[in-house]
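One structure is given here, and the rest of the page talks about it.
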Amino acid sequence: MEWMPYLAGAGIGVLSWFAFLISDKPLGCSTAYANTTGMIERFFRGKKTEDKEYYRKIKLGIDWQWMLVLGIAAGAFLTAIITGGFALEWVPSAFGNKFGYDPTLRWIVALLGGILMGLGARWAGGCTSGHGISGTLQLAISGWIAVVAFFISGIAVSMLLYGVI
Amino acid sequence: MLEEIRKNKKLQLIFGFIIGIFFGFFLYISGVTHYNVIIGQLLLTDFTVLKVMMTAVIVGMPGIYIMKSRGIVNLHVKQGSAGSTIIGGLIFGAGFAILGYCPGTVAGAVGQGSLDALFGGVLGILIGAGLFSSIYPSLYEKVLKKGEFMHLTIPEKLGVNPWFVIIPMIIFIIVILGGLEYIGL
């Protein structure tokens, strides 16, 4: 039996206590991306960007969640470097073995997937962290329904892509 | 004391970063920052993602509800609706399968050196989130507000003390996880 997923999961559960306690925030990631796009838009289009209804709602700027997402990248980087797992890689092996190791194909597919994910995450009001972990652990109806929708669609689309069904 | 800490914006940015570092550490050591592990979950050959998420839930949930009953934390529950949660969730799931990372794990994948996560995943999510901000005003009334859920939480919907849901939920999740280990997944 592999213990690491359980230890890491328990660690994330404890981390969520701290997020609620010291920051009054649930763990969540996807708003940070909308925020970043808004800040990039503001850089080019100026202050009027802030009048966009959605950006008024989420409030643009470097905030707690933005730093959280940056911290995730930093934490994974440090751990990967220390454990010797850091590797620059364009095509993950599961993808490469099925569709070939052409970086361009993987890049286009990842970009398309990312666009759908960014759209869907904001549409649903959360992602695998915000709904999938923080929503479900608060017994939120929106969290449990979202996570079921994520997995039904994710399982169906990945099985179609990989030709399982 | 807690109020002062929570209101200190600079300190909160540091807390966000530190909590993020731990989050990235846990995601990385569990394996879920890898495309292969996430796609394995969606193809139902590797249940690491489910194990991580469900363990986080059974540890996080009682702690949050104990602190809530003592009045030291607030819940942050999002109002959902069919038009927002279900439609958005299905779009998200398609992106999840095609990208093979999620918004949190993609950041971890960038940290471990996955270039597809950086130039494909992160860039795509930024574009998709921007796209949403542009269509948000026209979606709001017509889609996002359609079929709003009547209640925020499961105990509220059932009209019971939260612990009548928490304890069976923890037992249910342990049985599911135990079952997965028993059949060797």
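I need the full set of residues from the range B:11-33 which are within 17 Å of the chain's Cα centre (by Cα) and of a type in the set (Phe, Trp, Tyr), in order please.
Correct list: B:Phe22, B:Phe23, B:Phe25, B:Phe26, B:Tyr28.
Per-residue answers, yes or no, for (1) at the interface with chain B (Cβ under 7 Å from one of its Cβ atoms); (2) assigned to a helix (DSSP H, G or I); (3) on the phi > 0 side of the Ramachandran plot; (4) crowded, with 18+ Cβ neighbours inside 10 Å:
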{"position": "A:Met117", "(1), (2), (3), (4)": "yes, yes, no, yes"}
{"position": "A:Ala121", "(1), (2), (3), (4)": "yes, yes, no, yes"}
{"position": "A:Gly132", "(1), (2), (3), (4)": "yes, yes, no, yes"}
{"position": "A:Ser142", "(1), (2), (3), (4)": "yes, yes, no, yes"}
{"position": "A:Val147", "(1), (2), (3), (4)": "no, yes, no, yes"}
{"position": "A:Ile152", "(1), (2), (3), (4)": "yes, yes, no, no"}
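When the residues of the range B:78-135 are filtered to those that are within 16 Å of the chain's Cα centre (by Cα), within 20 Å of B:Phe25 (Cβ to Cβ) and not in a helix (DSSP H, G or I), which remaining residue is farthest from the other protein chains (Cβ to nearest Cβ)?
Looking at the filtered set, the residue picked out is B:Tyr101.
Among the residues of the range B:59-103, how many are of a type in the set (A, V, I, L, M, F, W, C), surrounded by fewer than 24 Cβ atoms within 10 Å (Cβ to Cβ) and within 27 Å of A:Ile22 (Cβ to Cβ)?
8
For B:Phe23, state whether it is facing chain A (nearest Cβ under 7 Å), aromatic (Phe, Trp, Tyr) and under 16 Å from A:Gly130 (Cα atoms).
yes
Given the criteria surrounded by 22 or more Cβ atoms within 10 Å (Cβ to Cβ), among the small types (Gly, Ala, Ser), within 7 Å of another protein chain (Cβ to nearest Cβ) and on the phi > 0 side of the Ramachandran plot, does A:Gly125 qualify?
yes
What number of residues in the range B:136-159 are hydrophobic (A, V, I, L, M, F, W, C) and not in a helix (DSSP H, G or I)?
The total comes to 3.
Looking only at the range A:20-30, count how many residues are in contact (Cβ under 8 Å) with a residue 24 or more places away in the chain, crowded, with 24+ Cβ neighbours inside 10 Å and in a helix (DSSP H, G or I).
1
Among the residues of the range B:137-146, is there at least one that is within 21 Å of A:Cys29 (Cβ to Cβ), more than 7 Å from chain A (Cβ to nearest Cβ), touching a residue at least 40 places away in the same chain (Cβ under 8 Å) and within 17 Å of the chain's Cα centre (by Cα)?
Within the range B:137-146 (the criterion being within 21 Å of A:Cys29 (Cβ to Cβ), more than 7 Å from chain A (Cβ to nearest Cβ), touching a residue at least 40 places away in the same chain (Cβ under 8 Å) and within 17 Å of the chain's Cα centre (by Cα)), the answer is no, since none of the residues qualifies.
For the range A:101-110, how many residues meet the condition of being within 21 Å of B:Gln41 (Cα to Cα) and surrounded by fewer than 22 Cβ atoms within 10 Å (Cβ to Cβ)?
Counting residues in the range A:101-110 that are within 21 Å of B:Gln41 (Cα to Cα) and surrounded by fewer than 22 Cβ atoms within 10 Å (Cβ to Cβ) gives 1.
Which members of the range A:35-62 meet the condition of being basic (Lys, Arg) and part of a helix (DSSP H, G or I)?
Residues satisfying the conditions are A:Arg42, A:Arg45, A:Lys47, A:Lys48, A:Arg56, A:Lys57.
Against the definition (more than 7 Å from chain B (Cβ to nearest Cβ) and either at pLDDT 95 or above or on the phi > 0 side of the Ramachandran plot (or both)), how does A:Gly38 come out, yes or no?
no
If you check A:Trp107 against the conditions, is it touching an Asp or Glu at 6+ places or on another chain (Cβ under 9 Å), assigned to a helix (DSSP H, G or I) and within 7 Å of another protein chain (Cβ to nearest Cβ)?
In short, yes.
Of all residues in the range A:63-98, count the ones that are more than 7 Å from chain B (Cβ to nearest Cβ), more than 21 Å from A:Ser16 (Cβ to Cβ) and either touching a residue at least 40 places away in the same chain (Cβ under 8 Å) or not in a helix (DSSP H, G or I) (or both).
2
Being under 19 Å from B:Val37 (Cα atoms) and of a type outside the set (Gly, Ala, Ser) is the requirement here; does A:Ile133 meet it?
Here the answer is yes, as A:Ile133 does meet what is asked.
Condition first: charged (D, E, K, R) and over 16 Å from B:Val106 (Cα atoms). Can you find one or more residues in the range A:86-96 that meet it?
No, the range A:86-96 has no match at all.
The conditions are (1) without any contact (Cβ under 8 Å) to a residue 12 or more places away in the chain; (2) assigned to a helix (DSSP H, G or I), and B:Gly71 fails exactly one of them. Which is it?
Every listed condition holds for B:Gly71 apart from (2).
Given B:Ala129, B:Ala107, which one is in contact with a Ser or Thr (Cβ under 8 Å, 6 or more places away or on another chain) and either under 25 Å from B:Gln41 (Cβ atoms) or surrounded by 20 or more Cβ atoms within 10 Å (Cβ to Cβ) (or both)?
Residue meeting the stated conditions: B:Ala129.
Can you pull out every residue in the range B:59-71 that is among the aliphatic types (A, V, I, L, M) and either closer than 30 Å to B:Ser138 by Cβ or within 7 Å of chain A (Cβ to nearest Cβ) (or both)?
Passing the criteria: B:Val59, B:Met61, B:Ile64, B:Met67.
The values are calculated or read from the model by the stated rules, or taken from the named source; none is laboratory data. Note that the coordinates shown come from a computational prediction; the quantities given were computed from them, not determined experimentally. In this analysis, Cβ positions are derived from the backbone assuming ideal geometry, glycine residues included, and neighbour counts consider all displayed protein chains.
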